[in-house]
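Novice: Let me begin by handing over the structure; questions about it come next.
The values are calculated or read from the model by the stated rules, or taken from the named source; none is laboratory data. Being a predicted model, the structure only gives us computed values, none of them experimental. Cβ sites come from the backbone with ideal geometry, for glycine too, and all protein chains shown count toward neighbours. To get the accessible areas, we keep the full protein, side chains included, count just its heavy atoms, and leave off ligands, DNA and RNA. Shrake-Rupley method; radii C 1.70, N 1.55, O 1.52, S 1.80 Å.
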Amino acid sequence: MKKLAWLAVGLFLLIVSPSASNAAGVKTYNNPVQVLLYKGTSVTVAVEGNYQIVNKETLTITPLPSKTNLTFRSSSSTVFVTYNGKTDFSSTGFTIQETIGAAPLSLVKVNQTRYRGSVDIRLQNSALYAVNILDMEDYLKGVVPSEMPASWPLEALKAQAIAARNYAYKHKTSLTTNPNTQTYKGYDGESPRSNAAVDATRGLYLKYNGSIIETYYHSTSGGRTANVSDVWNSSQTAYPYLASVDDPYESSPYSRWSFTFSPAVLLRSFGFTDPSVVLYDVSIAKTGANGEVGAVTIETSAGEKTVKGNETTIRKLFPLDGNQFYGILPSNWFDIQVQKSGPFVSIQTASGNIAASSLSSYSVQTGNGTVSLAGVEGIKVQTTDGIVPLSASPSGVSSITVTGKGWGHRIGMSQYGAKAFAERGWTAEQILEHYFRGAEVSFE
């Protein structure tokens, strides 16, 4: 509800307040979106072109000459702004509005990045928020080359533009600059090729049964996309178009990958902090149609523990160093190989295989008759690796190798897959209608 209130306030200021006598004509946006650019205690803003500043508490409007620099800071329940040698304050914040004027292009710089449109400065829970308000199409020009290289085929860029437009339409008051929504680098991130893709698809959306749909996308599918129900535990019935499809031409550096983890890393992920705990084994449950992992179980000297969850939960169990793949496993489509510090021996019994270390409750037939085992110390067995002495304790894990496919949630459109289809002559519409089965591209 707060986000909807923010939209109402922003649109009120963009449309109503210019009626004041000192207000210039305000630039209006046919299909506005909101993007959170910054959250903190202070932010610097500079304007280039046609702008004015509105005090949202007093509704005072002041024209801003081009190249004006402003500094905003929050203090308890008040926002202060300093510019052109003066200071103003407001309990509800300020709006830097784009106006109609002589300059052909107006830009507002927030910290070090330039953006099209206007900026709303808000105060919530004593924190300062800088929110970019601009037209959908101008927003997409800052998204498409941030999500897909502008050098890629035009039809792939057009598919990306339509997918990004759908996403922005569904989430237009809760967008950010990072990949949690869509990566957005503003005017400074734009490219002529991707701008052309946005312009060429203006007003186009992907629809299912006549309604604009959620068009999720990701870097690499690994050869096949995922069912939404297999990675996010969402209802497949509610999202029939987010179904697994083949990705036959995808060629990506992330199609296949492998990482090795120490027992200590995995034990920490499962909440074991005592350094004396020994990891005995690791197993996975492949719950997805393609083999996506939905649960991981570890056996330790302190007991057994299973973690179940969506793809993000599973990927976070295997943290990576640095910022590679955002610090987590690339996807939840993987296999594991467990290496142990000693030979693992299992024995065939009438009820199935058991670990040889558990023989103490069994009897065995020897040349001298049937002998009940009190323990396993001193017992040796013949294996393919030779005669092995048994131990009362299971062998500890020395390392875990995880080998998998794809990067991202693998739902919807694969960006590398879209590139490969475009290279083979597919249009943007054909690409999107392949990844989102049953959907059609059309105007709003």
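Novice: Which residue, of D281, D274, is part of a strand (DSSP E or B) and either modelled with pLDDT of 95 or more or acidic (D, E) (or both)?
Specialist: D281
Novice: Strands (runs of 3 or more DSSP E) wholly in region 326-443 with at least 1 residues that are under 39 Å from the mean Cα position of the chain (by Cα) and modelled with pLDDT under 95 - which ones?
Specialist: 334-340, 397-405, 440-443
Novice: With respect to F272, is the statement that it is surrounded by fewer than 20 Cβ atoms within 10 Å (Cβ to Cβ), within 21 Å of V293 (Cβ to Cβ) and either more than 19 Å from the chain's Cα centre (by Cα) or of a type in the set (A, V, I, L, M, F, W, C) (or both) true?
Specialist: no
Novice: Looking at region 160-179, I want the residues that are farther than 19 Å from Y416 by Cα and have a partner that is among the basic types (K, R) with Cβ atoms under 7 Å, at least 6 apart or on another chain. Which pairs are those?
Specialist: Sorted first by the residue in region 160-179, then by its partner, the pairs are T173/K3; S174/K3.
Novice: Which residue is farthest from the chain's Cα centre (by Cα), if the candidates are limited to region 192-207 and must be open to solvent by less than 30 Å² (accessible area, probe 1.4 Å) and small (G, A, S)?
Specialist: By that ranking, first place goes to G203.
Novice: State yes or no: is V293 in contact with a Phe, Trp or Tyr (Cβ under 7 Å, 6 or more places away or on another chain) and over 30 Å from E423 (Cβ atoms)? Outline the logic, then answer.
Specialist: Working: in contact with a Phe, Trp or Tyr (Cβ under 7 Å, 6 or more places away or on another chain): yes; over 30 Å from E423 (Cβ atoms): yes.
Here the answer is yes, as V293 does meet what is asked.
Novice: Residue by residue through region 158-191, note down the ones that are surrounded by 24 or more Cβ atoms within 10 Å (Cβ to Cβ) and among the charged types (D, E, K, R).
Specialist: Once the filter is applied, which keeps residues that are surrounded by 24 or more Cβ atoms within 10 Å (Cβ to Cβ) and among the charged types (D, E, K, R), region 158-191 yields K158, R165.
Novice: Follow-up. Restricting the first residue to region 43-66 and requiring it to be closer than 13 Å to K109 by Cα and open to solvent by 60 Å² or more (accessible area, probe 1.4 Å), which pairs with a second residue that is among the hydroxyl-bearing types (S, T, Y) and not in a loop (DSSP other than H, G, I, E, B) meet a Cβ separation below 7 Å and a spacing of at least six or different chains?
Specialist: Note: pairs meeting the criteria are T44/T71.
Novice: Give E155, E137, E214 a once-over and let me know the one that is of a type in the set (D, E, K, R), outside any helix (DSSP H, G or I) and open to solvent by 10 Å² or more (accessible area, probe 1.4 Å).
Specialist: Values: E155 fails: outside any helix (DSSP H, G or I); E137 fails: outside any helix (DSSP H, G or I).
Selected residue: E214, the only one of E155, E137, E214 that is of a type in the set (D, E, K, R), outside any helix (DSSP H, G or I) and open to solvent by 10 Å² or more (accessible area, probe 1.4 Å).
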